[in-house]
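J.: Structure in structure tokens, see below.
Values quoted throughout were computed directly from the atomic coordinates according to the rules given, and no laboratory measurement underlies them. Nothing here was measured: the structure is a model prediction, and the numbers come from that model. Quick reminder, even Gly has a Cβ in these numbers, built from the backbone with ideal geometry, and neighbours come from all protein chains shown.
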Amino acid sequence: MHDFLIQGASALHTGEATQAIRTPAQGTDVRVCGGLIAEIGSLTPEPGEAVVDARDAVLYPGWVNTHHHLFQTVLKNVSSGQGVPLMPWLEAVPYRHGPLIDEEALTVAATLGIAELLLSGCTTVADHHYLFGQGVGHDPAAVLFGAAESLGARFVLLRGGATRTRSFASDDHLPMPHESLDQMLRALDDTARRFHQPGGAAMRKVVVAPTTPFYSTTPGELRELARTARQWGLGLHSHLSETQDYVRFAAEQWRMRPVHWCAEHEWIGPDVSYAHMVHLDEGEIALCGQTRTAIAHCPQSNGRLGSGVAPVQSLHEAGAVVTVGVDGAASNEAADMLNELHAAWLIHRAVKGAHAQPAEQLIHWATDGGARALGLDRVGRIAVGMQADLALYDLNHPRYAGHHELATAPITAGGGGHLRRVWVAGREVVRDGAIPGFDLPMWLARARRVVQRLQQRAGVLA
Ligand SMILES: [Zn+2]
């Protein structure tokens, strides 16, 4: 099944640590057998073997997007959420519209969000979904896993939620759905039994991911969630220190730094990842490094909301696992991993100087780093025996003319990627910049109707 030879790529990045680039002299041909990478080198087609022409293209491992909120695909550019930082943005966009996300809205948002990611070369999507509880009226886990399966993406549900609602300056909208700890644990158990696959080559995983450690549960509940997740063999994820508000809150409540407080509640270690971690002190960076805790770095969202720039180089040097996520499209306006990496490449240089951020290191973080943080150790690298999750970037575009070094061109040149092919476990999910069998005009029409309906309902309730 799915056996073929990818032949003649201009360069190949293996996804391993910096500078792990192969050129045609070393052999950039890749043989895929049974959904796995079987051979790499200068290879000759076997009789009857299908050959994919990779000339004038570069081959990367598929991106692993480690933090997203797919429901926000239908909440881009909400005008009341423009020009404000995290808290008023949360109130104006996800908290105002979240309770209005019904099954049709989530289906459309998840399908188009995953489609956009596939078209940027992303093959694994970890979605932090937190609309669970009374009044939801559908099974979000089934909708999300269903959308991923229909498009062939590898999918990790970062199963969010809250046992208490957050209050805002003006509570003139519907409360966000929430549930008791018992309900949350029962639902998590049910979801894990239905969808979670153990092991490093899983197509589906479930991670325990209360929306925030401070505001979504009580401290005792947080600790219980960590213990339960570890008993069940599930990872842990949450938001942390996206803004100074987290740091102030922890200082006022407990006279502690956020990472240290989380560590005291057993939320630290190689099975834990946090989105953002923009505001860390040296002690927190060292603790993340010692414990090999992971960060989902979301530079575009942090830029869009004016949150700051996460100290990813320091985290990496300390030993933490750095990964990359696009975050929800309501604070990004897109879900494009290539865009995210181009932005990261520029932002860290703007702040720290031209030496700060090699493109090769970003490729490593967004492939191998992300896969390791999600427990997918058979994913994220081009090496013999690994899952054949691959993205072949076509360089036949004016943007790539004149490049002396082609291996990193998709990152350094920016702009939308031109995907000749994308495979997940050897299965073709993108061909010549489109998703085979995907009725894009139909989905776009449905998205327009969903946006109209959300605008009407949010307007009525405002
Ligand atoms: Zn987020």
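J.: Given R₀ = 22 Å, what would the calculated FRET efficiency be for Glu104 paired with Asp182, taking r from the Cβ atoms and rounding to 0.05?
T.: Between Glu104 and Asp182 the formula returns 0.15.
J.: Take Lys352, project a point 7 Å from its Cα along the Cβ direction, then tell me which residues of the stretch 296-310 have their backbone nitrogen under 17 Å from it.
T.: 296-300, 302-303, 308-310
J.: While we're looking at this one, here's another question. Calculate how steeply helix 282-291 sits against the longest principal axis of the alpha-carbon atoms of the chain, using the helix alpha-carbon long axis, and give the answer as 0 to 90 degrees to the nearest 10.
T.: Roughly 60 degrees, rounded to the nearest 10.
J.: Quick check: pseudo-label points 7 Å beyond the Cα along Cα→Cβ at Asp377 and Leu174, how many nm apart are they?
T.: According to this spin-label approximation, the distance is 4.4 nm.
J.: Compute the length gained on full extension between Glu282 and Glu264: take 0.36 nm times their separation in residues and subtract their Cα-Cα distance, giving the result in nm to one decimal.
T.: Extra length from Glu282 to Glu264 when fully extended: 4.7 nm.
J.: PRE reach from Arg227 (point 7 Å along Cα→Cβ): which of the stretch 179-202 fall under 19 Å by backbone N?
T.: Counting backbone N atoms under 19 Å from the label point, the list is 180-189.
J.: If I take R0 = 30 Å and measure r between the Cβ atoms of Leu444 and Thr412 in this structure, what FRET efficiency does the formula 1/(1 + (r/R0)^6) give, to the nearest 0.05?
T.: 0.45
J.: Give me the angle, in degrees from 0 to 90, between the Cα long axis of helix 244-254 and the longest principal axis of the Cα atoms of the chain, rounded to the nearest 10.
T.: Its long axis makes an angle of about 50 degrees.
J.: Note down, for the chain, the three equivalent ellipsoid semi-axes (square root of 5 times each alpha carbon gyration tensor eigenvalue), biggest first, whole angstrom.
T.: Equivalent ellipsoid semi-axes, largest first: 35, 24, 21 Å.
J.: Ranked by Cβ crowding within 10 angstrom, fewest neighbours first, how are Leu374, Leu234 ordered?
T.: Leu234, Leu374
J.: Then there's this: Name the residues whose placed amide hydrogens come within less than 5 Å of the amide hydrogen of Gly235, ignoring near sequence neighbours (fewer than 5 apart) on the same chain.
T.: Distant-sequence amide H within range of Gly235: Val208.
J.: Per residue of the chain, what 222 nm ellipticity follows from adding -39500 (n - 2.57) for every DSSP H run with n ≥ 4, rounded to the nearest 500?
T.: That comes out to -10000 deg cm²/dmol.
J.: What is the distance in Å between the Cα centres of the stretch 221-282 and the stretch 65-89?
T.: The stretch 221-282 and the stretch 65-89 have Cα centres spaced 22 Å from each other.
J.: Something else: Mind checking the angle between helix 219-232 and the chain's longest principal axis? C-alpha axes, 0 to 90 degrees, to the nearest 10.
T.: 40 degrees
J.: Oh, and also: Report the per residue volume, in Å³, of the convex hull enclosing the C-alpha atoms of the stretch 341-412.
T.: Value for the stretch 341-412: 114 Å³ per residue.
J.: If you restrict to DSSP beta bridges whose two residues both lie in the chain, what percentage is antiparallel, to the nearest 5?
T.: Taking every DSSP beta bridge within the chain, about 40 percent pair in antiparallel fashion.
J.: Set the Förster radius R0 to 51 Å, insert the Cβ-Cβ distance between Cys33 and Ala251 as r into 1/(1 + (r/R0)^6), and round the FRET efficiency to 0.05.
T.: After rounding, the FRET efficiency stands at 0.40.
J.: Which whole-Hz ³J(HN,Hα) couplings does the stretch 423-432 yield from phi under the Karplus relation 6.51 cos²θ - 1.76 cosθ + 1.60, θ = phi - 60°, glycine and proline marked x?
T.: 10, 10, 6, x, 8, 6, 10, 9, 9, 6
J.: Next up: Report the paramagnetic label zone for Arg431: residues of the stretch 109-124 whose backbone N is under 20 Å from a point 7 Å from Cα along the Cα-to-Cβ axis.
T.: Only 115-123 fall inside the zone, counting backbone N under 20 Å.
J.: For Val52, what residues show an amide H to amide H distance below 5 Å, using hydrogens built from the backbone and excluding near sequence neighbours?
T.: Leu5, Ile6, Gln7
J.: Sticking with this one: Pulled fully out, how much extra length does the chain show between Glu46 and Gln290, if you take 0.36 nm times their separation in residues and subtract their Cα-Cα distance?
T.: Fully extending the segment from Glu46 to Gln290 adds 83.1 nm.
J.: By count of other Cβ within 10 Å, fewest leading, how are Ile382, Ile37 ordered?
T.: The order, fewest Cβ neighbours first, is Ile37, Ile382.
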